[in-house]
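Participant: Got a structure for you, written out below as structure tokens; questions coming shortly.
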Amino acid sequence: MQTTNKHKNKTVVRSMDLLQLFLTYPKLNISEMAKLSGIPKTSVLRMIGSLEEMGFLKKDREGSYSLGLLFLQYGNLVAERLDIRHIALPVMQQLRDDIQEAIHLVLRDGDECIYIEKLDTDHPVRLFTKIGRKAPLYAGASSRIILAFMPELEREEYLEATELQPIASGTITDKAELRQTLERSRHEGYSFSRSELENYTAELSAPIFDHTGQIVAALSAAGLEVQFEEERIAELVLDVQQAANEISRRLGCTRPVPVAVHSR
């Protein structure tokens, strides 16, 4: 019995490994899945048959597979249950219309953050991001503002345990510099990044707090670096902070929220 359970658990883990491939590759055939996962082709073929039968994957005429509609149903269900997304969306839409930049809503997911909502712009050349994208807590304005307002002990444990790897040309990889940046973000109530997750991009983010005063999300404006000129930053900071504070208020937050002092 125990051997049977171990075999089932291994099959489930391997099936998840196959499904994880589709987060990076929209379409794969059997050979590609076997090569990328390192799972024998015969095993892949067997597992894919079960995943297709259950609706997790679908096969096209050329024999390639992509994620099935079942994931769309699950994704919509999860999104429906994320109350903060519904609360934030009207505020995000107003902010996007006001500043004409892409607006993101970001939550913490362990030692990473995850983008759960995005509103794009009509710019002919714009930043490409997608819902479900993840980033480490130390890199990028949205991630870092969440890290900045985490409880001090938890933040220090994360910093001690994490190796800061360069992701793009502007990623902060020195822990002393990162700690100074986090302290400044806590004091000013916003975070700004240039070329930290992707070169030639910029992001400006402010924290969102719940009714207990704990940080629960980050709101950000993001785009190409050339669109975030120095003379425009002060105005953008106030716009993003005001929008984040409004979402916090709608979540029941009554704590004083740090606001940067800038002249428009």
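The values are calculated or read from the model by the stated rules, or taken from the named source; none is laboratory data. Just so it is clear, the model here is predicted, and its values are computed rather than measured. Here the Cβ is made from the backbone with ideal geometry for all residues, glycine too, and neighbour counts use every protein chain on show. Just the protein is used for accessible areas: all its heavy atoms, side chains included, with ligands, DNA and RNA removed. Shrake-Rupley method; radii C 1.70, N 1.55, O 1.52, S 1.80 Å.
Participant: Per residue, how much accessible area does the stretch 170-240 have with a 1.4 Å probe, in Å²?
Facilitator: About 42 Å² of surface per residue is accessible.
Participant: May I pose another question? Would you kindly derive the ³J(HN,Hα) couplings of the stretch 162-176 from the backbone phi angles with the Karplus curve 6.51 cos²θ - 1.76 cosθ + 1.60 (θ = phi - 60°), listing them in order in whole Hz, with x for Gly and Pro?
Facilitator: These are the phi-based 3J(HN,Hα) values: 9, 8, 7, 9, x, 10, 9, 5, x, 4, 6, 10, 9, 5, 5 Hz.
Participant: Here's something else I'd like to know. Of 149, 71, 228, which has the most accessible area and how do the rest follow, probe 1.4 Å?
Facilitator: My answer, sorted largest first, is 71, 149, 228.
Participant: What fraction, in whole percent, of alpha-carbon pairs in the stretch 162-264 exceed 20 Å separation?
Facilitator: Tail of P(r) above 20 Å: 44 percent of Cα pairs.
Participant: Long-range amide H contacts for residue 113: which residues qualify at under 5 Å (H placed 1.01 Å from N, peptide plane, sequence gap of 5 or more or a different chain)?
Facilitator: It is 135, 137, by chain and number.
Participant: Something else now. Please give the solvent-accessible surface of residue 190 in Å², to the nearest 10, using a probe radius of 1.4 Å with every protein chain present.
Facilitator: About 30 Å², rounded to the nearest 10.
Participant: With a cut-off of 8 Å between alpha carbons and a minimum separation of six or more residues, what is the relative contact order of the stretch 116-239 in percent?
Facilitator: Relative contact order here is 25 percent.
Participant: Still on this structure, please answer the following. Which order do the peptides 156-169, 130-143 take when ranked by the mean count of other beta-carbon atoms within 10 Å per residue, highest first?
Facilitator: Averaged packing, sorted descending, gives the order 130-143, 156-169.
Participant: Same structure, new question: Report, as a whole number in µm² per second, the diffusion coefficient that Stokes-Einstein gives for the stretch 124-202 at 10 °C and 1.306 mPa s using the Kirkwood radius over alpha carbon pairs.
Facilitator: 121 µm²/s
Participant: Heads up, I need the accessible area for residue 56: 1.4 angstrom probe, whole protein in place, Å², nearest 10.
Facilitator: Using a 1.4 Å probe on the heavy atoms, I get roughly 40 Å².
Participant: Moving on to the next point. What order, most packed first, do the peptides 234-243, 89-98 have when packing is the mean number of other Cβ atoms within 10 Å of each residue?
Facilitator: 234-243, 89-98
Participant: I'd like the carbon and sulfur percentage of the solvent accessible area for the chain, probe radius 1.4 Å, heavy atoms only, ligands and nucleic acids excluded.
Facilitator: The C+S portion of the solvent-accessible surface of the chain is 52 percent.
Participant: Can you give the accessible area of residue 211, probe radius 1.4 Å, in Å² rounded to 10?
Facilitator: Accessible area, nearest 10 Å²: 130 Å².
Participant: Now, a different point. Rounded to the nearest whole Å³, what is the per residue volume of the convex hull around the Cα atoms of the chain?
Facilitator: 177 Å³
Participant: So for the chain, averaging the separation of alpha carbon pairs under 8 Å that are six or more residues apart and normalising by length, what relative contact order in percent results?
Facilitator: Taking the mean separation of contacting Cα pairs over the length of the chain, I get 14 percent.
Participant: Using all Cα-Cα distances in the stretch 8-58, what percent lands in each 5 angstrom bin from 0 up to the longest?
Facilitator: In whole percents, the pair-distance histogram is 4, 21, 37, 29, 8, 0.
Participant: Keeping every protein chain in place, order 16, 33 by accessible area at 1.4 Å, biggest value first, i.e. largest first.
Facilitator: Result, largest first: 16, 33.
Participant: For residue 45 and residue 180, what is the calculated FRET efficiency with R₀ set at 41 Å and r taken between the beta-carbons, to the nearest 0.05?
Facilitator: 0.15
Participant: So what J values fall out for the stretch 14-29 if you push phi through Karplus, 6.51 cos²θ - 1.76 cosθ + 1.60 with θ = phi - 60°, rounded to Hz, Gly and Pro as x?
Facilitator: 5, 5, 5, 4, 5, 5, 4, 4, 6, 6, 9, 10, x, 8, 9, 9
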